[in-house]
Amino acid sequence: MSFEVTNLSLSEATRHAPFVEYARCVDASGRPFNHSGDWPEEGALYPVRVVQSHLEGMALVHVLGFKAEAPYYNAFAPHRFELLHTIWLN
């Protein structure tokens, strides 16, 4: 999937593709000083969607339901998360 998103909710994500991925946060350090919004807790499990960022040129992990302002929105570098499960909603 290669579309840019902002703050993506669970219902919006499953409207585009009928699955939910789950990931555990393994690195919550280094929060940017100008990040305004939700931030993951290390060790917590989150519903996520991995999408290709046109701006960054790499895959980013979007935590579904998180809210944050531009330019980060709810996107995080993939090294911060360990992907665990993909659940298909069929």
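The values are calculated or read from the model by the stated rules, or taken from the named source; none is laboratory data. Here the structure is a predicted model, which is why all the values come from computation and not from measurement. Please note: Cβ atoms are built from the backbone with ideal geometry, for glycine as well, and neighbour counts cover all protein chains shown. Surface accessibility is based on the protein's heavy atoms, side chains included, excluding ligands, DNA and RNA. Shrake-Rupley method; radii C 1.70, N 1.55, O 1.52, S 1.80 Å.
Quick notes on this one:
- Residues with amide H under 5 Å from that of Gly65, placed H, sequence gap 5 or more: Leu8, Ser9, Leu10
- FRET efficiency, Asp27 to Ala70 (Cβ-Cβ, R0 30 Å, nearest 0.05): 0.85
- Here the simple spin-label model places points 7 Å from the Cα toward Cβ, and for His79 and Ala17 these points are separated by 2.4 nm.
- Taking label positions 7 Å along the Cα-Cβ direction at both Leu10 and Asn34, the computed distance is 3.3 nm, reported to one decimal.
- Per residue accessible area in Å² of the chain, where ligands, DNA and RNA are left out and the probe is 1.4 Å: 58 Å²
- Area accessible to solvent at Leu64, 1.4 Å probe radius, in Å²: 10 Å²
- For the stretch 35-86, diffusion coefficient by Stokes-Einstein and Kirkwood Rh (Cα), 10 °C, 1.306 mPa s, µm²/s: 139 µm²/s
- As a length-normalised measure over Cα pairs under 8 Å and 6 or more apart, the relative contact order of the chain settles at 39 percent.
- Tail beyond 20 Å, pair distance distribution of the chain (Cα, percent): 28 percent
- Rolling a 1.4 Å probe over the protein heavy atoms of the chain, with every protein chain left in place, gives an accessible area that is 54 percent carbon and sulfur.
- Among the protein heavy atoms, those of Thr86 account for about 70 Å² of accessible surface (1.4 Å probe, every chain in place).
- Note on surface exposure: Ser36, Ser9 rank Ser36, Ser9 by accessible area, highest first, 1.4 Å probe.
- Simple spin-label estimate for Trp88 and Gln52 in nanometres, 7 Å along Cα-Cβ: 2.2 nm
- Area of Val26 that stays accessible when all protein chains are in place (1.4 Å probe, Å², to 10): 70 Å²
- GNM flexibility winner over the chain from Gly37, Gly57, Gly65 (Cα, springs under 10 Å): Gly57
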